[in-house]
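Undergrad: Got a structure for you, questions after.
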Amino acid sequence: MPALGFGTLIPDPAVTITATRDALEAGFRHFDCAERYRNEREVGEALQAGLAAGGIAREDIFVTTKVWNTNHRPERVEPAFDASLDRLRLNYLNLYLMHTPFAFQPGDEQDPRDQNGDVIYDDGVTLLATWRAMENLVDHGRCRAIGLSDIGLNELVPLYEAARIKPAVVQVESHPYLPETELLEFCKEKGIVLLAFAPLGHGMTSGPLKDPVITAIAARVGKTPAQVLLAWAVQRGTALLTTPRSAARARENFDISALPEDALDEINRIQTRQRLNEVVKTGSPGFIPRSR
Ligand SMILES: NC(=O)c1ccc[n+]([C@@H]2O[C@H](COP(=O)([O-])OP(=O)(O)OC[C@H]3O[C@@H](n4cnc5c(N)ncnc54)[C@H](OP(=O)(O)O)[C@@H]3O)[C@@H](O)[C@H]2O)c1
């Protein structure tokens, strides 16, 4: 898995196409998708055109997508997988993730709510049952690896122990304000890749991009704050997903180089703690607008 990944959580379909194309042109070879992002078709279109135009083979890119909360029932997993593959115009996936450990009421409504506006969960399916259906996809050569997302150690450890095919990747929010050190240690010990989302703090102005420690290091080493944050993520042993939406930012985010040890230490000493996306607590995605 290439450590630098391009995330496709982009609400606008036209921007999804241009940003995916620009990322491929800038050198990104790892693409993170999800049925919940409702843009797999656009990503598939951009990838197909980009591969053809750039003479890039399918084997040269790494594509992930995720099964949504409403498809946790084992009998719904393979149809959801097939539908994603069809929209992405691929015949296998490198990685299939369980998007969150929360099962929602099964069905086509991705955000099922009761009369009070509360999410309708599904207590008729266990994480392990969903995982077993994902293991079957690997058995049948449909995807190369499976993993989890938005999960903490309390749920990851028992699933890891019960799994016949171990999770290859755990995707969670991670940046200097949410380093997830304990989870990273567990992942390293077990040979699991921790795949960090929101490594730039989702671009938020109050986030790590504007942190004085980060901006001072950027000035010192002649890189941008984004490049410092992405380099830190790779050097501490995570893979990452970033979502530049312009060609210039795609080139900037791909052009990272190693930071000196003292810079890494300074970043590791940042005390601010901030979680930007509450999905890990409820299963409802924080960065995706609720309305269609
Ligand atoms: N598993 C999950 O539940 C989950 C949740 C969230 C995200 N994800 C995945 O992780 C991916 C990345 O998450 P993210 O979008 O939060 O990543 P991010 O790269 O931390 O944040 C993207 C934001 O940063 C800005 N940005 C990008 N490059 C920049 C640069 N060089 N300088 C300054 N600002 C820059 C972008 O602004 P512009 O738009 O103006 O370029 C955008 O607003 C998503 O696309 C998705 O694939 C997964």
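The values are calculated or read from the model by the stated rules, or taken from the named source; none is laboratory data. What you are looking at is a predicted structure, and each value in this text was computed from that prediction instead of being measured. A quick note on method: Cβ atoms are made from the backbone with ideal geometry, for glycine too, and the neighbour counts reach across all protein chains shown. The accessibility values were calculated without ligands, DNA or RNA, using every heavy atom of the protein model including side chains. Shrake-Rupley method; radii C 1.70, N 1.55, O 1.52, S 1.80 Å.
Undergrad: List the aspartates and glutamates whose Cα lies under 16 Å from the Cα of LYS166, skipping any in the same chain that are fewer than 8 positions away.
TA: GLU135, ASP139, GLU155, GLU189
Undergrad: Right, next: Out of all DSSP beta bridges with both ends in the chain, state the antiparallel percent to the nearest 5. Kindly include the intermediate steps, with their values, before the conclusion.
TA: Working: 3 of 30 bridges.
If I count the DSSP bridges inside the chain, around 10 percent turn out antiparallel.
Undergrad: Could you derive backbone 3J(HN,Hα) for the range 162-176 from the dihedral phi with the Karplus parameters 6.51, -1.76 and 1.60 (θ = phi - 60°), listing whole Hz in sequence and x where the residue is Gly or Pro?
TA: 7, 5, 6, 9, 6, x, 8, 9, 10, 9, 9, 5, 7, 6, x
Undergrad: Accessible area of the chain with a 1.4 Å probe: how many percent of it is carbon plus sulfur?
TA: 49 percent
Undergrad: Could I get the Rg over Rh figure for the chain? Both from C-alpha atoms, Rh via Kirkwood, rounded to two places. Don't jump to the answer; show the numbers that get you there.
TA: Details: Rg = 18.5 Å, Rh = 19.5 Å.
In the chain, Rg relative to Rh is 0.95.
Undergrad: Give me the 1.4 Å probe accessible area per residue for the chain, excluding ligands and nucleic acids, in Å².
TA: Numbers: 12810 Å² over 292 residues.
Per-residue accessible area for the chain comes out at 44 Å².
Undergrad: Which of HIS72, HIS140, HIS99 moves most in a GNM of the chain, Cα contacts under 10 Å?
TA: Highest fluctuation among the options: HIS140.
Undergrad: Which pairs break 24 Å Cα to Cα here: LYS66/LYS223; LYS66/LYS190; LYS66/LYS188; LYS210/LYS281?
TA: Working: LYS66/LYS223 33 Å; LYS66/LYS190 22 Å; LYS66/LYS188 22 Å; LYS210/LYS281 26 Å.
Checking Cα-Cα distances, LYS66/LYS223; LYS210/LYS281 exceed 24 Å.
Undergrad: Run lengths n ≥ 4 of DSSP H only: what is the helix-derived mean residue ellipticity at 222 nm for the chain, with -39500 (n - 2.57) per run over all residues, to the nearest 500? Let's see the in-between values first.
TA: Values: 11 runs with 118 residues, N = 292.
Calculated at 222 nm, the ellipticity per residue is -12000 deg cm²/dmol.
Undergrad: Also, quick follow-up: Using 1/(1 + (r/R0)^6) with R0 = 35 angstrom and r between the beta carbons of GLU109 and ILE56, what's the FRET efficiency to the nearest 0.05?
TA: Numbers: r = 37 Å, r/R0 = 1.05.
In this case the efficiency is close to 0.40.
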